[in-house]
Amino acid sequence: MAALTHGEAQDLIERYKRAWELRDPDLAMELYRDDAEFRLDPFEEPARGANEIRAIWTDLAATQVHVQFDAERVWAVERTVLTSWHAAFTRRSNAERVRIRGFSTFELDDAGLIQRAKQWAAARVVGLDSTLRPQQEEN
């Protein structure tokens, strides 16, 4: 089991960014093993397996618009990617603009797929997105 390079870790985070910003559950699911675990909060029960993880990504795609994600720092330790990041999105239901700061760990298998992910994040509503009326569909 070869250790990840820094470039491989950055590539994973770039793919994660692309999946979230495009709100594309299919792209997101390409990152995970079928039996992966994903914890949106490290102290809560994880989503286990492809169906539960896909449900999270499908919910994000349905409820968020105007998503922005940027990794601040990325580290590779053996087969684990660690990253501090910030993100923002608009809630489709009420046009609230939300900013998040977080830290994530992604433990990868030998094929480079996520087998275990954990996230620590704090979110805050920072105002309303004037470009979106609540429940307005994107063109």
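Please list, by residue number, every one of the chymotrypsin sites (Phe, Trp or Tyr not before Pro) in the range 1-93 that is coil in DSSP and has at most 14 other beta-carbon atoms within 10 Å.
When the chymotrypsin sites (Phe, Trp or Tyr not before Pro) of the range 1-93 are filtered for loop state and at most 14 Cβ neighbours within 10 Å, Phe43 remain.
If amide H atoms are built 1.01 Å from N in the plane of the peptide, which residues on other chains or at least 5 residues away come under 5 Å of the amide H of Gln64?
Placed amide hydrogens put Arg92 under 5 Å from Gln64.
Hey, can you find the accessible area per residue of the chain for me, probe 1.4 Å, expressed in square angstrom? Mind showing how you got there, number by number?
Values: 8020 Å² over 139 residues.
Dividing the accessible area of the chain by its residue count gives 58 Å².
Roll a 1.4 angstrom probe over the protein heavy atoms and tell me the percent of accessible area of the chain that is carbon or sulfur.
Accessible surface attributable to carbon and sulfur in the chain totals 47 percent.
Between Thr5 and Asn94, what is the label-point separation in nm under the 7 Å Cα-to-beta-carbon projection?
My value for the distance between the label points is 4.7 nm.
Please work out, to two decimal places, the log10 of the ratio I(q)/I(0) at q = 0.10 Å⁻¹ from a Debye calculation in which every Cα of the range 12-108 carries one identical scatterer.
-0.26
Determine the gain in length on full extension of the stretch Arg33-Ala55; use 0.36 nm per residue of separation and subtract their C-alpha separation, reporting nm with one decimal. Provide the component values of the computation, followed by the final result.
Details: separation 22, 0.36 × 22 = 7.92 nm, distance 1.48 nm.
Taking Arg33 through Ala55 to full extension adds about 6.4 nm, to one decimal.
By how many degrees, 0 to 90 and rounded to 10, does the Cα axis of helix 6-21 deviate from the longest principal axis of the chain?
For 6-21 against the chain, the angle is about 30 degrees.
For Leu113 and Asp41 in one chain, what is 0.36 nm times their gap in residues minus the Cα-Cα distance, to one decimal in nm?
Net length gain for the segment: 23.9 nm.
What list of ³J(HN,Hα) values in whole Hz, one per residue of the range 97-112 in order, does the Karplus curve 6.51 cos²θ - 1.76 cosθ + 1.60 (θ = phi - 60°) give from phi, with Gly and Pro shown as x?
8, 10, 10, 10, 10, x, 9, 10, 10, 10, 8, 9, 7, 5, 8, x
Looking at the chain, which longest stretch skips every one of the GluC sites (Glu not before Pro) that is in a DSSP loop with at most 13 other Cβ atoms within 10 Å, leaving the sites themselves out?
That gives 79-136 as the longest site-free run.
Work out the FRET efficiency for Trp75 and Ser130 from their Cβ-Cβ distance, taking R0 = 35 Å, and round it to the nearest 0.05.
For Trp75 and Ser130, the calculated efficiency is 0.40.
The values are calculated or read from the model by the stated rules, or taken from the named source; none is laboratory data. Note that the coordinates shown come from a computational prediction; the quantities given were computed from them, not determined experimentally. Counting neighbours? That spans all protein chains shown, and the Cβs are built from the backbone with ideal geometry, glycine included. These accessible areas exclude ligands, DNA and RNA; they are computed on the full protein's heavy atoms, side chains included. Shrake-Rupley method; radii C 1.70, N 1.55, O 1.52, S 1.80 Å.
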